[in-house]
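Undergrad: Take this structure, written in structure tokens, and hold onto it; I'll ask about it next.
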Amino acid sequence: ADGGLMVSSKRENHTTRAWLLNRGLQASEKWPDQETSEGGRLKCDGLSCLYRAGGPTVALVRDAQALREDCAHAEIIVSIVAVPRKCRDPGLVVDRFDLWRRGGQAIWLLPDNKYRVLSVAEARGSRLWSPKRPSPKK
């Protein structure tokens, strides 16, 4: 809420330091492992986190056991585990296969449960050294 940065990694690394430097911050805020963040926007349990900030609800999934509940409550699913097709109705799903195909993705949360997404592949385009990855068969 105050423009700070929360990092889910347990340790600070080069990427974390670069993000902090870019934002003009000295340190990241504490990521709530199994609690609610200050301000109540991020609520986590041992399997996933839900982020609510006036736009679409975002589920940050760490464990496949969280998918059934999170798919029912979130408009956006970001998951480090594969997300089954039956869970792809919330609106936007980004799982490990989407990251493999399209690279990292920036998601802007907009009012009225809308969002905008830009992937590395879209921004970069297709190059000889980074060809377009095949999409899954439907």
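Undergrad: Roll a 1.4 Å probe over the protein chains and send me the accessible area per residue for the chain in Å². All intermediate terms of the calculation are to be shown ahead of the outcome.
TA: Values: 9760 Å² over 138 residues.
Computed with neighbouring chains in place, this is 71 Å² per residue.
Undergrad: Right, here's the next one. Could you look at the chain and say what percent of its accessible area is carbon and sulfur, using a 1.4 Å probe and all protein chains? Intermediate values should be presented prior to the final figure.
TA: Values: 5080 of 9760 Å².
Looking at the chain in its full context, I get 52 percent from C and S.
Undergrad: So, in the chain, how many Lys pairs have Cα atoms under 24 Å apart, if the pair is 8 or more places apart or on different chains?
TA: On the way: LYS10/LYS30; LYS10/LYS43; LYS30/LYS43; LYS43/LYS114; LYS86/LYS114; LYS86/LYS137; LYS86/LYS138.
Count of close lysine pairs: 7.
Undergrad: Something else now. How would you rank 17-28, 72-83, highest first, on the average number of other Cβ atoms within 10 Å across their residues?
TA: On the way: 17-28: 11.5, 72-83: 18.5.
Highest to lowest by the protection proxy: 72-83, 17-28.
Undergrad: Would you please put 57-64, 113-120, 93-100 in order of how densely packed they are, using the mean number of other Cβ atoms within 10 angstrom per residue and starting with the highest? Can you show the working numbers first?
TA: On the way: 57-64: 19.8, 113-120: 13.2, 93-100: 16.8.
Packing order, densest peptide first, comes out as 57-64, 93-100, 113-120.
Undergrad: Taking springs between alpha-carbon atoms closer than 10 angstrom, which of CYS71, CYS49, CYS87 fluctuates most in the Gaussian network model of the chain?
TA: CYS87
Undergrad: Shifting gears a bit: Principal axis extents for the chain, Cα atoms only, whole Å, descending order, please.
TA: Principal extents (Cα only, largest first): 42, 35, 30 Å.
The values are calculated or read from the model by the stated rules, or taken from the named source; none is laboratory data. Quick caveat, the model's predicted, so the values are computed rather than measured. When we count neighbours, we look across all protein chains shown, and the Cβ atoms used for this are built from the backbone with ideal geometry, even at glycine. Keep in mind that these areas ignore ligands, DNA and RNA; they rest on the heavy atoms of the full protein, side chains included. Shrake-Rupley method; radii C 1.70, N 1.55, O 1.52, S 1.80 Å.
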